[in-house]
Amino acid sequence: MNEEQIEDLFDFYGYADLYKRFKTPLFVSGLFEDVEAEQVENFFDHFSFDDRQPIFNEFRYWFQVFLVTNKH
């Protein structure tokens, strides 16, 4: 996924502020390099960060757990 697609997904799900905080760590970590947009959409459909502001490592942890547990 490219940077614009990632930003659009965060914005669509109401996490524009989270994206602003995580933009650099997402790029440096390569977390979304080999990920399809559908996987990120599914993650945001199942996880909510409305009630807290996670640090990047927490976000990365839950995203990676989600990917592993949802392999087809």
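Please count how many residues of the stretch 31-72 are without any contact (Cβ under 8 Å) to a residue 12 or more places away in the chain and β-branched (Val, Ile, Thr).
Selection size over the stretch 31-72: 4.
Every residue in the stretch 29-72 that is among the hydroxyl-bearing types (Ser, Thr, Tyr) and exposed (fewer than 11 other Cβ atoms within 10 Å of the Cβ), please.
69 - this is the single residue of the stretch 29-72 that is among the hydroxyl-bearing types (Ser, Thr, Tyr) and exposed (fewer than 11 other Cβ atoms within 10 Å of the Cβ).
List, please: which pairs have Cβ atoms under 9 Å, are six or more places apart or on different chains, and start with a residue in the stretch 9-30 that is under 22 Å from residue 45 (Cβ atoms) and in contact (Cβ under 8 Å) with a residue 40 or more places away in the chain and end with one that is assigned to a loop (DSSP other than H, G, I, E, B) and polar (S, T, N, Q)?
Sorted first by the residue in the stretch 9-30, then by its partner, the pairs are 18/53.
No lab work stands behind these numbers, since they all come straight from the coordinates. Predicted model, so just to flag it, every value in this text is computed and none were measured. Heads up, the Cβs are rebuilt from the backbone with ideal geometry, glycines too, and the neighbour counts pull from every protein chain shown.
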